[in-house]
Structure formats: C-alpha cells, structure tokens
C-alpha cells in the first residue's frame, strides 16, 4: 500500500461518512460513528478484496469498488443497528 493510495482511500471513506451524516443528520457523536463505520467498512472491504483478488474497480493497489460497496453496506447496517429505535 502506497501513501497516495492510502490517502485516496481515506478521502473516499471520509466523504462517504460525511455524506451519510449529511443525509441522515445527527450531532457530533453520529458524525464520529459514521466516520468510524465508513473507515472500518472501507478498509475491511479493501482487505477482503485483496485476499480474494476481486478487482471490481481497482485504482493502483487500492481495490476501490469493493471497498466502496463494503463501506456503504457498513454505514447502512451500522445506522440500522446503532441509531434506529423500534417503536413500542
């Protein structure tokens, strides 16, 4: 992993987390939650794609397509688990 590839991945993951926060709203705590979920999902997706050699949209050493899908999936799943409250 090169430094520019890490910077691109970090930027994309941060943009996903910030855009999700802009869409769903909330305070600083939710922003940090969404950033953590986006980063965790992105780098987990990148690692899994590297291990399985899946190259949906590859940019240099970065498996951007699978990582982006994993980041978005993690954001939606994390929002559902941590934020959505059932009505009683």
To the nearest 10 degrees, how steeply does helix 3-24 sit against the main Cα axis of the chain, on a 0 to 90 scale?
20
Could you put 1, 28, 35 in order, starting from the residue whose Cβ has the fewest other Cβ atoms within 10 Å?
28, 1, 35
Rounded to the nearest 10, the angle in degrees between the Cα long axis of helix 28-52 and the longest principal axis of the Cα atoms of the chain comes to 30
Grab the DSSP H runs of the chain that are 4 residues or longer, score each as -39,500 (n - 2.57), total them, divide by all residues and round the 222 nm result to the nearest 500 deg cm²/dmol.
-26000 deg cm²/dmol
Rg followed by Dmax, in Å, when the stretch 3-82 is reduced to its Cα trace:
12.4, 38
Degrees between helix 64-82 axis and first principal axis of the chain (Cα, 0 to 90, nearest 10)
20
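Could the peptides 11-23, 52-64, 36-48 be put in order, highest first, of the mean number of other beta-carbon atoms found within 10 Å of their residues? Please report the intermediate quantities before stating the final value.
On the way: 11-23: 17.0, 52-64: 14.7, 36-48: 20.5.
Most protected by this proxy first, the peptides run 36-48, 11-23, 52-64.
Each value in this text was obtained by applying a stated rule to the coordinates, not by laboratory testing. Bear in mind that the values here come from a model prediction, so they are computed numbers and not experimental data. Cβ: placed from backbone, ideal geometry, glycine included. Neighbour counts: every protein chain shown.
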